[in-house]
1. Which value at 222 nm does the chain reach when only helices count, each DSSP H run of 4 or more adding -39,500 (n - 2.57), with the total divided by all residues and rounded to the nearest 500 deg cm²/dmol?
2. Once segment 48-94 is represented by equal point scatterers at the alpha-carbon sites, with solvent omitted, what log10 I(q)/I(0) does the Debye formula produce at q = 0.16, 0.17, 0.27, 0.31 Å⁻¹?
3. Could you state the number of Å between the C-alpha centres of segment 111-175 and segment 70-106?
4. Semi-axes, largest first, in whole Å: what does sqrt of 5 times each Cα gyration tensor eigenvalue give for segment 24-175?
5. Calculate the FRET efficiency for Q12 and E135 from the Cβ-Cβ distance with a Förster distance of 30 Å, rounded to the nearest 0.05.
6. Can you sort D156, D106, D19, D134 so the residue with the fewest Cβ neighbours within 10 Å comes first?
7. At a Cα cut-off below 25 Å, give the lysines reachable from K22, other chains included and same-chain residues fewer than 8 away excluded.
8. Pick out, from N168, V50, I150, the residue whose Cα sits farthest towards the positive end of the charge dipole of the chain, with +1 on the Cβ of Lys and Arg and -1 on the Cβ of Asp and Glu.
Amino acid sequence: MSKNNQGVMSNQEYHIADDFKKSMRRLAGGVSIIAVQNETEKTGITVTSVVSVSVEPPIFMVSVNPQSSAYPILAATKQFSINFLGTQHLDVAKAFSGITGLKGTDRFQIGAWEKKGSSLVLTDSPASFVCVVDEMIPKYGHCIVFGKVISIHLADQYQGSLVYYDRNYYTQLLP
């Protein structure tokens, strides 16, 4: 998006950006938690931007805002987990999205978390993945992170996926 010499978008560019945001709200997405930690702190963020890139090798892509609490730790440690959220994880999604006011380590009070290798995983997540950063590409105000999966943890019981659509979480799909 271009800006004039004063750093202000044109009226047309503003409307395109606004319409783009409104349009993306109409795309349902699976909800995941990206969890990171270092020696002294841990945090995580709720995302719908997880994409499977490759099976061999197993690679995910996720878009992370550099302003997020997770980004500095992710950039320094080059390790993270992806935790798919199930229908029972609405409270986890809200805690890690920031709307509850919880920050950093306090977010991990919601849900059952355990250390797997160098990462934290949600124990009853339908699927959790421990990843190491393969590449980070800063682009358009976000950082595109490619993560190579080094371990996978599948829940014994699977109830369904939590979905985010039009600013709301859903625990069941329409018939």
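Bear in mind that the values in this text are calculations on the coordinates, not laboratory data. Values in this document were obtained by computation on a predicted structure and should not be read as measured data. Heads up, the Cβs are rebuilt from the backbone with ideal geometry, glycines too, and the neighbour counts pull from every protein chain shown.
1. Result for the chain, helices only: -5000 deg cm²/dmol.
2. With one equal scatterer per Cα and no solvent, log10 I(q)/I(0) is -0.59, -0.66, -1.14, -1.16.
3. 9 Å
4. On the way: eigenvalues 89, 60, 57 Å².
Semi-axes, largest first: 21, 17, 17 Å.
5. Working: r = 34 Å, r/R0 = 1.13.
According to the calculation, E is roughly 0.30.
6. D156, D19, D106, D134
7. The reachable lysines, counting only those whose Cα sits under 25 Å from K22, are K3, K94, K139.
8. N168
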